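Here's the structure, in structure tokens; my notes come after.
The values are calculated or read from the model by the stated rules, or taken from the named source; none is laboratory data. Note that the structure is predicted; figures quoted are calculated from it, not measured. All Cβ positions, glycine included, derive from the backbone under ideal geometry; neighbour counts span all protein chains shown.
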Amino acid sequence: MNFESLNITKKKSAEAPAKTEKTRCLIIGSGPAGYTAAIYAARANLAPVLYEGMEPGGQLTTTTEIENFPGYPEGTTGTQMMEDLKNQAARFGADIRFGIATAADLSASPYKITIDDETLIETDALIIATGAKAKYLGLPDEQKYAGSGVSACATCDGFFYRKKVVAVVGGGDTACEEAIYLAGLCKKVYLIVRKPFLRASVIMQERVKKMNNIEVLFEHETLGLFGEGAVEGATLLKKRGTADEKTVKIAIDGFFLAIGHQPNTELFKNYITLDENGYIETQPGTPLTNIPGVFAAGDVADPHYRQAITAAGSGCQAAIEAERYLSHKS
Ligand code: NDP
């Protein structure tokens, strides 16, 4: 699965939506932030409607074991945790629907969100929990070999590379996690790191070191990919700008991106204040955006922590703020 396809926002349609609905509290996005907001909003009798987007359950459904979410002493999987959160929200009456936000008009209250180009939802309060999507290097070869050896999700696509040789790009926790996961399936994993050190947490670095079939290529940058119809190798630049600079080629069957994420804010950028990287700016320590009644929760507003537990916490804050806003409004 290609993360590019998972963006829950799509281009605006010129056609008018066929039907209109009114809600008090609309939640867009179904990661830990969205579902937690739904649990709290439903328990506060806000009758929330939640649209799951293209990737029900959000990014965590594409991760492996989750060992650091409090309350799961033995760990759990992202898919299971999201299923649990969804069931918990549904238990309190949250209206959880499949659908993708395709247009937004936040110029005045009630705020207007179009779903799947056909349903216009007018809402008094809006909680944006649309998350973030994986970044790519921007090489033409990433497009050329999309679905033929290039992926940004090891847990989705690793299965196809059993007993093969793959490379993971990045030096953070995600890259280490993906490399470790792939090392359990593949013959060999190259970890391509542009700096002379890993940015990942010490525990993840230690785990990488323990895997005999992971080779870390420090100070290497990817110049391109090659292969007849599918990826057969990568061309790398070693030690750019030094006397030892040289081009090297590695033979690989799969090329996995793990270099960070882009927030899904395209739909809202004309109304909501974003930071220089496209994340929604909120008042520090709160989910409040520049628009009264519009709140942001989870990775869409969090370039720093990006954890399931912090996303869930901000989803809770967003629902509490929505409840306060609505009680003052009515
Ligand atoms: P990070 O931003 O932490 O790391 C991105 C990595 O990609 C860095 O090593 C960066 O290099 C590298 N990179 C960025 N752009 C390029 C490029 N153009 N070419 C080559 N390399 C590039 O993102 P992560 O997704 O790894 O992690 C995000 C957050 O989620 C972190 O806070 C992390 O701790 C957390 N996380 C926690 C996990 C866990 O606890 N189990 C699992 C996964 C993530 P450089 O270092 O040179 O900038």
Of all residues in region 212-221 being in contact (Cβ under 8 Å) with a residue 24 or more places away in the chain and more than 7 Å from the ligand (Cβ to nearest atom), which is farthest from Cys156 (Cα to Cα)?
-> Glu219
Would you point out which residue out of Tyr51, Tyr40 is crowded, with 16+ Cβ neighbours inside 10 Å and touching a helix residue (DSSP H, G or I) at 6+ places or on another chain (Cβ under 7 Å)?
-> Tyr40
Pair list, Cβ under 7 Å, 6 or more apart: region 226-251 residue closer than 17 Å to Val169 by Cβ and modelled with pLDDT of 95 or more, other residue of a type in the set (S, T, N, Q) and not in a strand (DSSP E or B) = Val231/Ser148
For region 296-306, indicate whether the set of residues that are assigned by TED's automatic domain parsing to the domain that holds Ile128, away from the ligand (no atom under 16 Å from the Cβ) and in contact (Cβ under 8 Å) with a residue 12 or more places away in the chain is non-empty.
-> yes
Do any helices (runs of 4 or more DSSP H) lying entirely in region 142-211 carry at least 1 residues that are near the ligand (Cβ under 8 Å from one of its atoms) and either within 18 Å of Gly260 (Cα to Cα) or in contact (Cβ under 8 Å) with a residue 12 or more places away in the chain (or both), and which ones are they?
-> 173-183, 202-210
Buried (at least 17 other Cβ atoms within 10 Å of the Cβ), away from the ligand (no atom under 15 Å from the Cβ) and not in a strand (DSSP E or B): does that describe Val231?
-> yes
Single condition Ile272 does not satisfy, out of (1) at pLDDT 95 or above; (2) of a type outside the set (Phe, Trp, Tyr); (3) exposed (fewer than 15 other Cβ atoms within 10 Å of the Cβ); (4) assigned to a loop (DSSP other than H, G, I, E, B) | (3)
